[in-house]
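The values are calculated or read from the model by the stated rules, or taken from the named source; none is laboratory data. All of these numbers come straight from a predicted model, not from anything done at the bench. Quick reminder, even Gly has a Cβ in these numbers, built from the backbone with ideal geometry, and neighbours come from all protein chains shown. Ligands, DNA and RNA are excluded from the accessible area calculation, which covers all protein heavy atoms including side chains. Shrake-Rupley method; radii C 1.70, N 1.55, O 1.52, S 1.80 Å.
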Amino acid sequence: MHSPRRPPPPPPADSLRPYRPMAPLRVGATLGALFVVLLVLVSTSWAPLLTLDGRLADGLHPVATGHRGWTHAMRVLSDWLWDPWTMRAALAMTALWLLRRREGVLALWIAVTSLLGTALQQGLKAAVGRDRPSWPDPVATARYQAFPSGHALTATVACGLLVWLLWLHGAGPRWVRGASAAAVVSVAGVGFTRVYLGVHWLSDVVGGCLLGGALVAVSSG
């Protein structure tokens, strides 16, 4: 009598999942194309886009000046929790963790992707030269030019890389879904705070998200 065939042992918990490189490349190409379209519209001062940006900014600014407690909370979220340096610190800690696991290639990938995102946003800000919203009674200030939003781009890059790493290292579906939900809330939240505080136009944060998403997708491929 033959004994029942045993199922194969499960893969090690720390093994990396295989992935299809063409899928993220297609996503990256789509997001990149959308960003280029938005870049052209911003650079040429397309009137409907400027009108939409202006109406939203004009509608939110009285709320920001009239609700100081809520505005203070928005500044804490924007300047501390979702600040670009906070996002970069999270990526740096992740890279160190990968180095301790002797996954130097992934650690280098995170570092290079993060640095490239910073270089792209600063170069584009200087090239486009878009002015930020200007108010007689500002509730917050920011340096450099407006497009694309560095906060939105950095948050998108950091959250995207962290979620992808979780999936790559075999995290369960609940962990991946939870991290993805937190990433969406963070990216949307940082975009809202920047527009609410009157330091960015809506198209600035959309551009930052598109470029950040394209960068993560292409580098993952």
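Some values worked out for this structure:
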quantity: Residue-averaged [θ]222 nm for the chain, counting only DSSP H segments that reach four residues, each worth -39500 (n - 2.57); calculated: -24000 deg cm²/dmol
quantity: Distant-in-sequence amide H partners of Gly170 (H built 1.01 Å from N, under 5 Å); calculated: Arg17
quantity: Lys/Arg +1, Asp/Glu -1 at C-beta; the stretch 15-113 dipole; positive extreme among Leu99, Val112, Gly66; calculated: Leu99
quantity: Nearest-20 debye value, the stretch 121-221 charge dipole, Cβ charges on Lys, Arg, Asp, Glu; calculated: 160 debye
quantity: Phi to ³J(HN,Hα) by Karplus 6.51 cos²θ - 1.76 cosθ + 1.60 over the stretch 70-86, Hz, x for Gly, Pro; calculated: 5, 5, 4, 4, 5, 5, 4, 4, 6, 8, 10, 5, 9, 5, x, 6, 5
quantity: Cα-based shape type of the stretch 122-221, given that a ≥ b ≥ c are square roots of the gyration tensor eigenvalues and the cut on a/c is 1.5; calculated: oblate
quantity: Label of the coordinate-derived value, Cα Rg over 2.2 N^0.38 Å, listed as (1) 1.28; (2) 1.19; (3) 1.11; calculated: (2)
quantity: Average accessible area per residue (Å²) across the stretch 122-179 - probe 1.4 Å, nucleic acids and ligands excluded; calculated: 49 Å²
quantity: Exposed-site-free run, longest, the chain (rule: trypsin sites (Lys or Arg not before Pro); DSSP loop; at most 13 other C-beta within 10 Å); calculated: 6-100
quantity: In order through the stretch 210-221: 3J(HN,Hα) via Karplus (6.51 cos²θ - 1.76 cosθ + 1.60), integer Hz, x for Gly, Pro; calculated: 5, 5, x, x, 4, 5, 5, 5, 5, 5, 6, x
quantity: The chain - percent of accessible surface contributed by carbon and sulfur, probe 1.4 Å; calculated: 69 percent
quantity: Centroid-to-centroid separation of the stretch 108-158 and the stretch 65-102 [C-alpha atoms, Å]; calculated: 15 Å
quantity: Relative contact order of the chain, pairs being alpha-carbon contacts under 8 Å that are 6 or more residues apart, as %; calculated: 36 percent
